[in-house]
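Undergrad: Dropping a structure here in structure tokens format, bear with me for questions.
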Amino acid sequence: MIGQLCLFEDQYVRRLLPLVYTRPVYDLRCGILTLGEKLKKRYGIASYRLHARPHLADALKERYPGVPVNEAPDGGCLYLNGRLLASPDLLRAISAEGPDALFVDGDVLLAARVGRGGGFAGGMPGELTPEAFPGVPKTAIRTPLVSWPWDIVGSNGKEIVADHALLAPPAEDRIRGKVYPGAHLVNPGNIVIGEGTNIKPGVVLDGENGPIWIGKNVTVFPNAVIEGPAFVGDRSLIKIGAKIYENTSIGEVCKVGGEVEGAIIHAYSNKQHDGFLGHAYLGMWVNLGADTNNSDLKNNYGNVKLVIDGVTVDSGSMFMGLVMGDHSKSSINSMFNTGTVVGVSSNVFGSGFPPKSVPSFAWGGGEGITTYDLERALEVARRVMGRRKIALSAAEEKLLRAVFEMTKKERASL
């Protein structure tokens, strides 16, 4: 049996911009876990390594100490596309046991099971395709992949259910935090509450239509309502009177209030105040000002179109809201139209709707946009991260500088 995994990125990773400017695709959250965490859990192979686009390598080495990055293994390895949605069916379709084989869907390399390091002369390529493994027999299969941001948002509810089934402790050991008198748990057998978590009076956790997973050291303030399927990560705060509807994932160390539905908030981001966030994906270190709202449904009930990597793409979905990259911010009373995409480290403010495509390192909104000075943006990032006792390291600063250079064309028409 293959003894190690390698999570890799392929030639279509840019379809998930701007979310993957600052992380590899397998670090995107969908459900309780990230895509990569699901793959490692499902396969149960402890030894793993990471492949990513070169500009991410130094930051990844820092985020994953001791894990090889962009280094080909000497022995046998199961290479798994980081866009795969892990499931028990995936293990049957792509086994870690057997002869050398490539698993493909058209020109997409889904996985490679090889008994050697892959023979990468001069190091691993920036993107892995079937051509990276010459001579290895191909097997055509179909299995769920994340291809666009709306695939992640649309899959989030069922992935919360699947992750809950994979991770949940025995029923008698699921409520470890403190549930105050006056809080109501509907279908408590479908609810996990971690150690150190406080569920305050008046809270309603409704697990009737799907599981609710609340991590460790979370505070759910009075009169908040959470409808399952839902996930709240460790050390997050759910504010007074918050309305968290189904299919929502809130990552670690977030502050969330107002109304949220069908959305993913990756980690270390704040939407503290009133306002609606629906069918959206927010990256890390995002802050939405008070009464920020996004539309997630067009008035004509048509499919939502988004601008991804400079191209307008029909999502095929009636519901899609805001996609916002890491370190971006909105001012109070901001309004985002259906399917708005905001890049990395942008500051959106002013009256009216900003454009549906806001470049990375942009400054402004509906009344006009200019380039956000890089040094000022980095200083804000240091301040924001410092409030959480996290330093902007040299590797992370280098990554943001690289993204600034990579996105110059996005800002060329400002």
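Undergrad: What number of residues within segment 261-280 satisfy the criterion of being without any contact (Cβ under 8 Å) to a residue 60 or more places away in the chain and buried (at least 24 other Cβ atoms within 10 Å of the Cβ)? Reasoning before the result, please.
TA: Our first condition is that a residue be without any contact (Cβ under 8 Å) to a residue 60 or more places away in the chain; within segment 261-280, this holds for 261, 265, 269-278.
Now restrict to residues that are buried (at least 24 other Cβ atoms within 10 Å of the Cβ): 265, 269, 271, 277.
Residues that pass the stated criteria total 4.
Undergrad: Tell me, yes or no, whether segment 387-399 has at least one residue that is of a type in the set (Gly, Ala, Ser) and closer than 21 Å to residue 16 by Cα. Explain how you work it out, then say what you get.
TA: We begin by selecting, within segment 387-399, every residue of a type in the set (Gly, Ala, Ser); these are 391, 393-395.
Next, from what is left, pick out any that are closer than 21 Å to residue 16 by Cα: none.
No, segment 387-399 contains no residue that is of a type in the set (Gly, Ala, Ser) and closer than 21 Å to residue 16 by Cα.
Undergrad: When the residues of segment 104-121 are filtered to those that are of a type outside the set (Val, Ile, Thr) and at pLDDT 90 or above, which remaining residue is surrounded by the fewest Cβ atoms within 10 Å (Cβ to Cβ)? Quick ask: steps written out before the conclusion?
TA: Within segment 104-121, the first condition is being of a type outside the set (Val, Ile, Thr), and the residues that meet it are 105-107, 109-113, 115-121.
Subsequent filtering for residues that are at pLDDT 90 or above retains 105-107, 109-113.
Values: 105: 13, 106: 8, 107: 11, 109: 24, 110: 24, 111: 25, 112: 25, 113: 23.
Filtering segment 104-121 for residues that are of a type outside the set (Val, Ile, Thr) and at pLDDT 90 or above, the one surrounded by the fewest Cβ atoms within 10 Å (Cβ to Cβ) comes out as 106.
Undergrad: Also, I was wondering about something else. Is segment 326-334 home to any residue that is under 20 Å from the mean Cα position of the chain (by Cα), among the hydrophobic types (A, V, I, L, M, F, W, C) and over 18 Å from residue 360 (Cα atoms)?
TA: No, because not a single residue in segment 326-334 is under 20 Å from the mean Cα position of the chain (by Cα), among the hydrophobic types (A, V, I, L, M, F, W, C) and over 18 Å from residue 360 (Cα atoms).
Table: residues versus (1) touching a Cys at 6+ places or on another chain (Cβ under 7 Å); (2) assigned to a loop (DSSP other than H, G, I, E, B); (3) assigned by TED's automatic domain parsing to the domain that holds residue 387; (4) within 19 Å of residue 13 (Cβ to Cβ).
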position: 300; (1), (2), (3), (4): no, yes, yes, no
position: 306; (1), (2), (3), (4): no, no, yes, yes
position: 317; (1), (2), (3), (4): no, yes, yes, no
position: 326; (1), (2), (3), (4): no, yes, yes, yes
position: 332; (1), (2), (3), (4): no, yes, yes, no
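Undergrad: Within the set of pairs 6+ apart or on separate chains, which have a first residue in segment 281-302 that is at positive phi, a second that is acidic (Asp, Glu) and part of a loop (DSSP other than H, G, I, E, B), and C-beta atoms under 9 Å apart?
TA: If the second residue must be acidic (Asp, Glu) and part of a loop (DSSP other than H, G, I, E, B), the pairs left are 285/326; 291/274.
Undergrad: Listed residues 199, 212, 193; which is closer than 30 Å to residue 80 by Cα, in the same structural domain as residue 315 (by TED's automatic domain parsing) and among the β-branched types (Val, Ile, Thr)?
TA: Details: 199 fails: closer than 30 Å to residue 80 by Cα; 193 fails: closer than 30 Å to residue 80 by Cα.
Sole residue among the options that is closer than 30 Å to residue 80 by Cα, in the same structural domain as residue 315 (by TED's automatic domain parsing) and among the β-branched types (Val, Ile, Thr): 212.
Undergrad: Next up: Could you check segment 335-356 and list, in sequence order, the residues that are crowded, with 21+ Cβ neighbours inside 10 Å and either within 23 Å of the chain's Cα centre (by Cα) or not assigned by TED's automatic domain parsing to the domain that holds residue 378 (or both)? It would help to see each step written out before you state the result.
TA: Taking segment 335-356 first, the residues crowded, with 21+ Cβ neighbours inside 10 Å are 336, 338-348, 354.
Scanning segment 335-356 gives 336, 338, 339, 340, 341, 342, 343, 344, 345, 346, 347, 348.
Undergrad: Could you count how many residues in segment 136-156 are assigned to a loop (DSSP other than H, G, I, E, B) and among the small types (Gly, Ala, Ser)?
TA: To start, the set of residues in segment 136-156 that are assigned to a loop (DSSP other than H, G, I, E, B) comprises 136-137, 141-144, 146-148.
When the remaining residues are screened for being among the small types (Gly, Ala, Ser), the result is 147.
Count: 1.
Undergrad: Identify the single condition in (1) touching a Leu at 6+ places or on another chain (Cβ under 6 Å); (2) modelled with pLDDT of 95 or more that residue 184 does not satisfy, given that it satisfies every other one.
TA: (1)
Undergrad: Moving on to the next point. Return yes when residue 56 is surrounded by 15 or more Cβ atoms within 10 Å (Cβ to Cβ) and modelled with pLDDT of 95 or more and no when it is not. Let's see the steps before the verdict.
TA: Values: surrounded by 15 or more Cβ atoms within 10 Å (Cβ to Cβ): yes; modelled with pLDDT of 95 or more: yes.
For residue 56, the condition - surrounded by 15 or more Cβ atoms within 10 Å (Cβ to Cβ) and modelled with pLDDT of 95 or more - is met.
Undergrad: Out of all the residues in segment 244-269, which are part of a strand (DSSP E or B) and in contact with a Phe, Trp or Tyr (Cβ under 9 Å, 6 or more places away or on another chain)? Walk me through how you get there before you give the answer.
TA: Step one: filter segment 244-269 for residues part of a strand (DSSP E or B), giving 244, 248-250, 255-256, 259-261, 264-265.
Answer for segment 244-269, where residues must be part of a strand (DSSP E or B) and in contact with a Phe, Trp or Tyr (Cβ under 9 Å, 6 or more places away or on another chain): 248, 249, 250, 259, 260, 261, 264, 265.
Undergrad: May I ask you to list pairs of residues, at least six apart or on different chains, whose Cβ atoms are under 6 Å apart, with the first in segment 54-76 being among the basic types (Lys, Arg) and the second being surrounded by 17 or more Cβ atoms within 10 Å (Cβ to Cβ)?
TA: Filtered contacts from segment 54-76: 61/69.
Residues are listed down the side, and each one gets a yes or a no for (1) at positive phi; (2) touching a strand residue (DSSP E or B) at 6+ places or on another chain (Cβ under 6 Å); (3) buried (at least 18 other Cβ atoms within 10 Å of the Cβ); (4) outside any loop (DSSP other than H, G, I, E, B):
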| site | (1), (2), (3), (4) |
| --- | --- |
| 74 | no, no, no, no |
| 80 | no, yes, yes, yes |
| 89 | no, no, no, yes |
| 102 | no, yes, yes, yes |
| 123 | yes, no, no, no |
| 128 | no, yes, yes, no |
| 134 | no, no, no, no |
| 158 | no, no, no, yes |
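Undergrad: Being within 13 Å of residue 220 (Cα to Cα) and not small (Gly, Ala, Ser) is the filter; apply it to segment 241-252 and report the residue that is surrounded by the most Cβ atoms within 10 Å (Cβ to Cβ).
TA: Taking segment 241-252 and keeping what is within 13 Å of residue 220 (Cα to Cα), we get 241-244, 250.
Checking which are not small (Gly, Ala, Ser) leaves us with 243-244, 250.
On the way: 243: 17, 244: 26, 250: 31.
Among those that are within 13 Å of residue 220 (Cα to Cα) and not small (Gly, Ala, Ser), it is 250.
Undergrad: Select from segment 303-317 the residues that are touching a residue at least 24 places away in the same chain (Cβ under 8 Å) and either surrounded by fewer than 16 Cβ atoms within 10 Å (Cβ to Cβ) or of a type outside the set (S, T, N, Q) (or both) and list them in ascending order.
TA: Going through segment 303-317, the residues touching a residue at least 24 places away in the same chain (Cβ under 8 Å) turn out to be 304-310, 313, 315-317.
Result: 304, 305, 306, 307, 308, 309, 310, 313, 316.
Undergrad: In the set 144, 125, 134, which member is modelled with pLDDT under 95 and under 19 Å from residue 87 (Cα atoms)? Explain how you work it out, then say what you get.
TA: Details: 125 fails: under 19 Å from residue 87 (Cα atoms); 134 fails: under 19 Å from residue 87 (Cα atoms).
Checking each option against the conditions leaves just 144.
Undergrad: Could you grab me the full set of residues in segment 358-390 that are closer than 17 Å to residue 403 by Cα, surrounded by 16 or more Cβ atoms within 10 Å (Cβ to Cβ) and of a type outside the set (Val, Ile, Thr)?
TA: Across segment 358-390, the qualifying residues are 359, 360, 361, 362, 363, 372, 377, 378, 381.
Undergrad: For segment 9-32, check the following and say yes or no: at least one residue is in a loop (DSSP other than H, G, I, E, B), surrounded by fewer than 18 Cβ atoms within 10 Å (Cβ to Cβ) and either under 16 Å from the mean Cα position of the chain (by Cα) or of a type outside the set (Phe, Trp, Tyr) (or both).
TA: Yes, that holds for at least one residue.
The values are calculated or read from the model by the stated rules, or taken from the named source; none is laboratory data. What you see is a predicted model, and the numbers here were worked out from it, not measured in a lab. Because the Cβ atoms are built from the backbone with ideal geometry, glycine has one as well, and the counts that use them run over all protein chains shown.
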